[in-house]
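Here the structure comes first, spelled out in structure tokens, and everything after it is commentary.
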Amino acid sequence: MATATTEPVRLPPGPRLPKFIQTAAFLVSNHAMFASLSRRYCSDVVRVNLPHNSHAVVITDPDLAKDLFNTSTDLIERPAYGAGSIGEAFGPGSTFSLAGNQHLQRRKLLAPPFHGKRMRSYDRIVEEETMREIATWPEGREFETLEPMLRITVGTILRAVFGAEGPALDELRNTVPAMVTLGSLLVVCPPIVRRDLGPWSPWGRYVQKRRRFDAIIGSLIAEARADPAIEERKDVLALLLQARYEDGEPISDQHIADELLTLLGSGHETTASSLAWALERLSRHPQLLSRLTEEADAGGSELRQATIWEVQRTRPVLDGTTRRTKTRIRLGDWVLPEGTNIIISIKLAHDSEESFPDAASFNPDRYVGTQKPVAWIPFGGGVNRCVGAAFANLETDVVLRILLREFRFAPTDAPGERARWRGVATVPSRGARAVVHRRTDKVARDVDFAAVADRGRA
């Protein structure tokens, strides 16, 4: 792992082109630019100069990435609030905005709802939201599956995390996703764009939406506090209201609002994008799709889990993550000064032939009967690893199981969809188009789709 050092600074190679030229190249090719630089300089660590990442280095080697994830937070940390961090879209009370002991204490309070038996209680919510959505899916004609996946995941998180129902659920379901996308896009823009110039300015619109969100959360907090059965509730909002730091202090209401927005913003779009990529991949691998259907009918799950892992490897919805040095460190052959931004390319780490032989192929069987390699890092790692990773996996598994049970997906020989970044996650450029037919050969079940849909709305 990286270590503190007093050695002279020794930076990796990189282009000396002006920032605006490097920025233009990155906007056009994204992480392909990093791969090109890595090949050009024959190095797994290269230097770049990008907005919010001046004096930055890019890591494409999975072993170095794992080293960084395991490095002490005394030496490196996630970029602070106000430095182009995604936390600016969620607020200063977001996990993405916290560092050091504050971050570790918050993670301790957030972890319990997303592990063990408590998390399994969310299965029913996922199934209800899925059945609610697929009740109106068209048969025999192509349609985009990304938006339906977004509706499933936003509904699931609003019910499981916020405890929202009725009018509050409907308003949040309709308004928050667009607000999160707008905010996450604006935080990567120059600071001058993030000025509140009224409702006609982009940041002004975001601030207006955020005020309405806070008002709704304030009412949900008041309702939860007044609920005599709050100790029996399973939603994360209720659990956060009861949580206490080691000194006995509760989380402030504003920080709870920031954290709930973080869980929604970082959780629903990433999971929905992975589901959309799964359908995009499976439509182009009909033999695998048949095997998955047979497995689901038999009650199995091993191949489905392997498929989820392979989707997340080959189509990571988060291309990379960033750390910043707090002091001078040695990382591999290089010595990086304090204040260096380190971009860890998840996408390129997943393309490693040493860790994933024939890495360009989509092959879930590489995981069957074995463990994932340490190079598999779609959720990051270390103290900053996504706290909702287990929840995202459960949700993805339940949705895919239901879709395999209810539909047959028509295979396609169309080229794979290109990746498109939309603020939070990287999604299929054409919306993960698919053609489905309801299955008539499944085990007979008495399902009233309209009733299921109504229960999901209730």
If you keep only loop residues by DSSP, which trypsin sites (Lys or Arg not before Pro) in the stretch 89-180 have at most 14 other Cβ atoms within 10 Å of their Cβ? R141
Quick check: Cα centre of the stretch 1-34 to Cα centre of the stretch 347-381, how many Å? 25 Å
Which Cα, out of V176, A89, T396, lies furthest along the positive dipole direction of the stretch 3-457 (beta carbon charges, K/R +1, D/E -1)? A89
In nm, what is the difference between 0.36 nm times the number of residues separating K442 and S252 and their Cα-Cα distance? 63.4 nm
Please say if the stretch 211-254 is rounded, prolate or oblate, where rounded means a/c under 1.5 for a ≥ b ≥ c the square roots of the C-alpha gyration tensor eigenvalues, and otherwise the choice is prolate for a/b larger than b/c and oblate otherwise? oblate
Near K108, which lysines are there with a Cα under 21 Å away, not counting those fewer than 8 places off in the same chain? K117, K234
Ranked on Cβ counts within 10 Å of their own Cβ, fewest leading, D441, D253 go D441, D253
If you put +1 on each Lys and Arg Cβ and -1 on each Asp and Glu Cβ, how big is the dipole of the chain around its Cα centre, in Debye rounded to 20? 1040 debye
Ranking of F143, F114 by count of other Cβ atoms within 10 Å, fewest first: F143, F114
Lysines near K66 by alpha-carbon distance under 20 Å, same-chain residues fewer than 8 away left out - which ones? K326, K347, K372
List the trypsin sites (Lys or Arg not before Pro) within the stretch 297-370 that DSSP assigns to loop and that have no more than 14 neighbouring Cβ atoms inside 10 Å. none
Residue-normalised 222 nm signal for the chain, counting each DSSP H run of n ≥ 4 as -39,500 (n - 2.57), nearest 500 deg cm²/dmol, is -14500 deg cm²/dmol
Taking the Cβ of T314 as the center, what net charge do the other residues with Cβ under 10 Å away carry, scoring Lys and Arg +1 and Asp and Glu -1? +2
Give the residue list of GluC sites (Glu not before Pro) in the stretch 235-280 that are DSSP loop and have at most 15 other beta-carbon atoms within 10 angstrom. E246
Rank S54, G369, A35 by how far each Cα sits towards the positive end of the charge dipole of the stretch 3-457 (+1 on Lys, Arg Cβ; -1 on Asp, Glu Cβ) and give me just the farthest. S54
Compute the Rg/Rh shape ratio of the chain: radius of gyration over Kirkwood radius, all on alpha-carbon atoms. 0.96
Listed residues A65, L109, I230: farthest to the positive end of the dipole of the stretch 3-457 (Cβ charges): A65
Within a Cβ distance under 12 Å of P286, other residues only, what is the Lys/Arg minus Asp/Glu net charge? +3
Under the rule rounded for a/c under 1.5, else prolate if a/b exceeds b/c, else oblate, using alpha carbon gyration tensor axes a ≥ b ≥ c, the stretch 3-156 is classed as oblate
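Every number here is computed from the coordinates shown, using simple stated rules; none is lab data. Just so it is clear, the model here is predicted, and its values are computed rather than measured. Ideal geometry is used to build each Cβ from the backbone, glycine not excepted, and the neighbour counts take in all protein chains shown.
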